[in-house]
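Trainee: Please find one structure pasted underneath; my questions will follow.
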Amino acid sequence: MFDRRKFIKATAISASLLVVDKKSIASVIQSSKVSAGTKPIVISTWDFGIPANQAAWKVLSSGGRALDAVEAGVRVPEADPNIQTVGYGGLPDRDGHVTLDACIMDEFGNCGSVAGIEHISHPISVARLVMEKTPHVMLVGDGALQFALENGFKRENLLTKKSEADWREWLKTAKYAPVMNIENKSYDKVAPTKLPGNQYNHDTIGMLALDAKGNLSGACTTSGMAYKLHGRVGDSPIIGAGLYLDNEIGGATSTGVGEEVIRNVGSFLVVELMRQGYTPEAACKEAVMRIIKKKPDIAKNIQVGFLALNKKGEYGAYAIQTGFSYAVCDEKKNDLLIAGKSYYN
Ligand code: ASP
């Protein structure tokens, strides 16, 4: 029964959804079960992965390190006020605070993370600094902000007029439990489910890169679930949940309802499955199926997607619901693909 997977044939995505030059938007094509391996290569979640990959590719194509590539890549959506699920312009928590989560990991197994950080538009760079300049892995809240300010990061107001207006609109009904959007089942018929105020409720950028030397790194950054409880932390800054890699095997990252990813230590699971010989897509599928099998009634109504890249440069993705897009960039392409879909579609 769980094998009822069909790929959707997405033939058109409105260029207006992408903040990039039309020429750079590659065709949306069907995801293949096992991609051809290549390096260097960078992959990342969602439509905004296209411009993010372009920035990462600049580093990779000039022989740069995967770690520098993923940091440069995810800084693009972090800085974009029109992306309301990552960095500057992210939707706030239910009390109106924009709190950001991010983590980064390198080929040596070093990692750094910040959670619930406010007022800093590039949490990924703070996470990198935690990794490189402290003996710790994770800083949270005020401590993370203090560390960032002490290291020269600028304090900013991250709540844009648009996100504030959307939050105020949400306050009119203020459902205590935030609802995660599920992507439209027919992606080619345009936009994912929208919340009041026309916003996406979630969508993290997770990025994985393999550089010319064959080394892997990954980064993950988000404003998390919109209108979450103040203090809520999702999977994205948790090493093993939102991001994990082992330079001998490969890397994985996730998006969607972070609580379910944490409960299943999702990205670590994907990497361990690849260690056992699973292809990236098969590993992502197995991790998704664990979530579905444990909680079928909950899983039916949520989205979780995994994206993976192995040491050979093969990649794959899988999600509970149809509509999880991811971007792949190597010397031949910068494509937007749609992940395999599950039992529920
Ligand atoms: N995983 C993120 C979180 O739970 C949200 C998302 O990627 O959609 O905070």
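The values are calculated or read from the model by the stated rules, or taken from the named source; none is laboratory data. These numbers come from a predicted model, not from an experiment. Heads up, the Cβs are rebuilt from the backbone with ideal geometry, glycines too, and the neighbour counts pull from every protein chain shown.
Trainee: Return yes when Leu149 is modelled with pLDDT of 95 or more, among the aliphatic types (A, V, I, L, M) and crowded, with 23+ Cβ neighbours inside 10 Å and no when it is not.
Mentor: Details: modelled with pLDDT of 95 or more: yes; among the aliphatic types (A, V, I, L, M): yes; crowded, with 23+ Cβ neighbours inside 10 Å: no.
No, not satisfied.
Trainee: So, in the stretch 206-225, how many residues would count as being over 20 Å from Gln303 (Cα atoms) and either surrounded by 22 or more Cβ atoms within 10 Å (Cβ to Cβ) or among the aliphatic types (A, V, I, L, M) (or both)? Working first, answer last.
Mentor: Initial filter on the stretch 206-225 (over 20 Å from Gln303 (Cα atoms)): 208-219.
Still in the running and either surrounded by 22 or more Cβ atoms within 10 Å (Cβ to Cβ) or among the aliphatic types (A, V, I, L, M) (or both): 208-212, 216-219.
Going through the stretch 206-225 one residue at a time, the tally reaches 9.
Trainee: Out of the residues in the stretch 87-142 that are under 20 Å from the mean Cα position of the chain (by Cα), acidic (Asp, Glu) and part of a loop (DSSP other than H, G, I, E, B), state the one that is nearest to the ligand (Cβ to nearest atom).
Mentor: The residue in question is Asp93.
Trainee: Please state which of the following conditions Lys311 fails to meet, knowing it meets all the rest: (1) charged (D, E, K, R); (2) farther than 21 Å from Leu60 by Cβ; (3) away from the ligand (no atom under 16 Å from the Cβ).
Mentor: Tallying (1) charged (D, E, K, R); (2) farther than 21 Å from Leu60 by Cβ; (3) away from the ligand (no atom under 16 Å from the Cβ), Lys311 fails exactly one: (2).
Trainee: Moving on to the next point. Taking into account only those residues within the stretch 38-57 that are crowded, with 24+ Cβ neighbours inside 10 Å and of a type in the set (S, T, N, Q), which is farthest from Leu307 (Cα to Cα)?
Mentor: Looking at the filtered set, the residue picked out is Asn53.
Trainee: Right, another one. Which pairs have Cβ atoms under 6 Å, sit 6 or more apart or on different chains, and link a residue in the stretch 216-235 that is at pLDDT below 95 to one that is within 9 Å of the ligand (Cβ to nearest atom)?
Mentor: Close Cβ pairs (under 6 Å, with a partner that is within 9 Å of the ligand (Cβ to nearest atom)) amount to Met225/His202; Ala226/Asn201.
Trainee: Okay, next question. Report the residue count in the stretch 236-261 for those that are more than 26 Å from Thr38 (Cα to Cα), near the ligand (Cβ under 8 Å from one of its atoms) and in contact with a strand residue (DSSP E or B) (Cβ under 6 Å, 6 or more places away or on another chain).
Mentor: Adding up the residues that qualify gives 4.
Trainee: Also, I was wondering about something else. Taking the residues in the stretch 282-304 that are in contact with a Gly (Cβ under 9 Å, 6 or more places away or on another chain) and basic (Lys, Arg) as candidates, determine which candidate is nearest to the ligand (Cβ to nearest atom). Before the answer, list the steps.
Mentor: Taking the stretch 282-304 first, the residues in contact with a Gly (Cβ under 9 Å, 6 or more places away or on another chain) are 282-285, 287-288, 290-291, 302-304.
Checking the rest, the ones that are also basic (Lys, Arg) come to 285, 290.
Working: Lys285: 18, Arg290: 16 Å.
The extreme case among them is Arg290.
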